[in-house]
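Worksheet: one structure, shown below.
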Amino acid sequence: MRAYTIFDDFPQSSISLLEKAGIELIIQPKGKERPQGDELKKLLDTYDIVFISTAQKMPEEMFADVTTPKIIGTASSGVDHIHIPEDKKGLIRIANATHANRSTVTEHTFGLILTLRKQLIEGRETAAKGLSKKVMELKPVDLYGSTMGVIGAGGIASTVLRMAKCFGMKRLCWTLHPEKHQDLAEDGVEFVNVDSLLKSADVVSVNIPMSEQTRNLVNEERIALMKDTATFVTTSRLEITDNKALIERAKRIPTFSVGMDVDAANVKELWDPSMKNVIVTPHIGGGTIESRIRLFNECTENVIKAIHD
């Protein structure tokens, strides 16, 4: 079998796994722009296995003339960028990585939360001017004793909930299938509906995959339910939240804060970097050096499993 990876930094550990499985790997030349559209389709036509990222969109029509088995290895937990037609699902397999960056995204989530709740941005600016904390407009607040609401109950969401327990936070959760997460209930997590979660939480974290059921889940009406002192953090797909309404609320209410780790180009026009209560990072939450290697290795292991299934 032959495989192609669009990643010019594909690690030796993953290369070795493929070699042991007898798979010939072609690595994209360093500096070459990652493929899209027709170029990506040519790779799909040529190779048995293609390793991609979430930036490579694969609509149904890309698979229309596929007649031989293919495996798409996506170095991500989400798979909503790959749309396989119903009549091709017997031929095409997707291998992703759902475990590799759970702790990494959780760390980033709490990095955003702590930066906003502890007023680190204004604090730094104040210190740079040599001024006293007394001149700060907003004061830091504790996580301990406050309420964390997590939208989602998958791998990352569960890890966020466990971390919140370490901070001494009360924990609320909404998920489509609470009956599947008895372990969280036994650990003291309370399952509630979305509206109750947004009304009650001091900190809201969105950690849920994109689907038709979650699209625009946190809409303008629901954003209005949140406390004026709440912090809202999302590391999930942009389509889940009404981002314009979210940032507009932060503009109106200085005590309401927002942290977003997203494809930054899509929200560039919505926020002003001078805002102390909004932080946007360019989808780096799961992209540490360590987690990237774990991500490639897990994805590669799942590709090899898919061959034998």
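The values are calculated or read from the model by the stated rules, or taken from the named source; none is laboratory data. None of the values given here were measured: they were computed from a predicted structure. Reconstructed Cβ throughout: ideal geometry from the backbone, glycine too, with neighbour counts over all protein chains shown.
In a residue-by-residue description of the stretch 70-80, the property of being surrounded by 14 or more Cβ atoms within 10 Å (Cβ to Cβ), among the β-branched types (Val, Ile, Thr), touching a Cys at 6+ places or on another chain (Cβ under 8 Å) and farther than 30 Å from Thr231 by Cα applies to at least one position.
Would it be correct to say that Thr255 is more than 30 Å from Leu91 (Cα to Cα), in the same structural domain as Ala153 (by TED's automatic domain parsing) and surrounded by 16 or more Cβ atoms within 10 Å (Cβ to Cβ)? No; evaluated as a whole, the condition is false for this residue. Within the stretch 181-199, the set of residues being within 14 Å of Ala164 (Cβ to Cβ) and either of a type in the set (Asp, Glu) or part of a helix (DSSP H, G or I) (or both) comprises Leu184, Asp187, Glu190, Leu197. Of all residues in the stretch 51-58, one or more are part of a loop (DSSP other than H, G, I, E, B), among the small types (Gly, Ala, Ser) and farther than 19 Å from Met260 by Cβ. Please name all residue pairs, on different chains or six or more residues apart, with Cβ atoms under 7 Å, provided the first residue is in the stretch 284-299 and is assigned by TED's automatic domain parsing to the domain that holds Ser53 and the second residue is modelled with pLDDT of 95 or more and surrounded by fewer than 18 Cβ atoms within 10 Å (Cβ to Cβ). Listed by first residue and then by second, the contacts come to Ile293/Pro11; Ile293/Ser13; Phe296/Pro11; Asn297/Ser13. Out of Ile113, Ile49, one residue alone is β-branched (Val, Ile, Thr), surrounded by 20 or more Cβ atoms within 10 Å (Cβ to Cβ) and in the same structural domain as Met163 (by TED's automatic domain parsing). It is Ile113. I'd like to check something: does the stretch 271-278 contain any residue that is in contact (Cβ under 8 Å) with a residue 40 or more places away in the chain, polar (S, T, N, Q), over 28 Å from Tyr144 (Cα atoms) and crowded, with 16+ Cβ neighbours inside 10 Å? Looking for residues that are in contact (Cβ under 8 Å) with a residue 40 or more places away in the chain, polar (S, T, N, Q), over 28 Å from Tyr144 (Cα atoms) and crowded, with 16+ Cβ neighbours inside 10 Å, one finds none in the stretch 271-278, hence no. Annotation: Lys139 fulfils all but one of (1) over 30 Å from His81 (Cα atoms); (2) in contact with a Lys or Arg (Cβ under 9 Å, 6 or more places away or on another chain); (3) in contact (Cβ under 8 Å) with a residue 24 or more places away in the chain; (4) surrounded by fewer than 19 Cβ atoms within 10 Å (Cβ to Cβ); the unmet one is (3). In the stretch 47-79, which residues are over 23 Å from Val105 (Cα atoms), charged (D, E, K, R) and without any contact (Cβ under 8 Å) to a residue 40 or more places away in the chain? Within the stretch 47-79, Glu60, Glu61, Asp65, Lys70 meet the criteria.
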